[in-house]
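Chemist: Structure below; questions to follow.
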Amino acid sequence: MRIVELLLDEESLQAGIQAISVVESPAIEEDFIALKDEQPKIELKTIDKEKRILMGAALIPNKPIYRRNGEDEYYIYFSQDTVRKASELFFINGNQNKATLEHQMDVQGTSVVESWIIEGEQDKSRMYGMDLPVGTWMVSMKILNDELWDGYVKSGKVKGFSIEGYFVDKVEASKHDAKEMEAEEQLNAIKAIIKKDLRTKKGKRTELETYKDYPTSVRNNAKRGIALNEKVNNKCATQVGKVRAQQLANGEAISVETIKRMYSYLSRAEEYYDEGDTTSCGYISYLLWGGKSAKRWAESKLKELGKI
């Protein structure tokens, strides 16, 4: 069964989480805690009065969530980075007072009054017996709605939070990114021609030159990365990385702009490259871009062309 990573479409006005729903069966399979005021706040005159606060996980990173669309069954998940961005955008867009019941009915008289990301073992959630992973988005929701509190929370009809929002499939987003990257490279070349300020090397317009004199090891690394990625159902790397791997594996000529991107990516991603873990995405993605030999070649080529 395929696993799909969901991302924020940050260019969309509807991106992110629009509301938090109080539900009986939360998709993230974690119950919230209905907190009561066990310690009277004498100064506020709240003796014996309930807090009416629900605490729970709104989003758990890297947790597979089962979905079915007709006959298509699959899992979705959110990365830690997406969870954090979604939690921030929720408040930036002013959605803290928006809630629904079972994803069907808007309810008034609720507000998310506390929000945080679990950073370590000393997190507040541990005090309430919740064992959730680092990166989890936690919220506390104040319930002022009597019908919701008495009829659903106190009676135990609802057991958790479930988000409502707009996200995009990483694969589809990556295809879009790949097209944008190709268009950007073409646009940069056109701009260079118009400005007539191209640097020259031996009388040639090096910005528009393409090169395929990278070593055989680069091609072999890309081929190995493609093979390893197939073994893990092609879950590693973006569409851009997969396209780049095919170019290198086929020995195709690449532009100076692409060489710059290769060197930039390989320099950043080197810390995730573990030669002892051939099934990790860090290892596979690095090979897809040609591996260490590609980084050495790209650096040497850029220096030769006076680009670094």
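Rule-based calculations on the coordinates, nothing more; no lab input. Note that the coordinates shown come from a computational prediction; the quantities given were computed from them, not determined experimentally. Note: ideal-geometry Cβ built from the backbone for every residue, glycine included; neighbour counts use all protein chains shown.
Chemist: Measuring from label point to label point, each 7 Å out along Cα→Cβ, what is the TYR128 to GLU73 span in nm?
Modeler: In this crude spin-label approximation the distance works out to 3.4 nm.
Chemist: What is the order of VAL112, VAL107, fewest Cβ neighbours within 10 Å to most? Write out the running numbers ahead of the final one.
Modeler: Numbers: VAL112 21, VAL107 18.
Exposure proxy ranking, most exposed first: VAL107, VAL112.
Chemist: Between ASP81 and ASN97, what is the label-to-label distance in nm when each label sits 7 Å out along the Cα-to-Cβ direction?
Modeler: 3.5 nm
Chemist: Kindly state, as a whole number, the per residue volume in cubic angstrom of the convex hull around the alpha carbon atoms of segment 69-143. Please list the in-between numbers first.
Modeler: Numbers: hull volume 10.9 nm³, N = 75.
In segment 69-143, the Cα convex hull volume per residue is 145 Å³.
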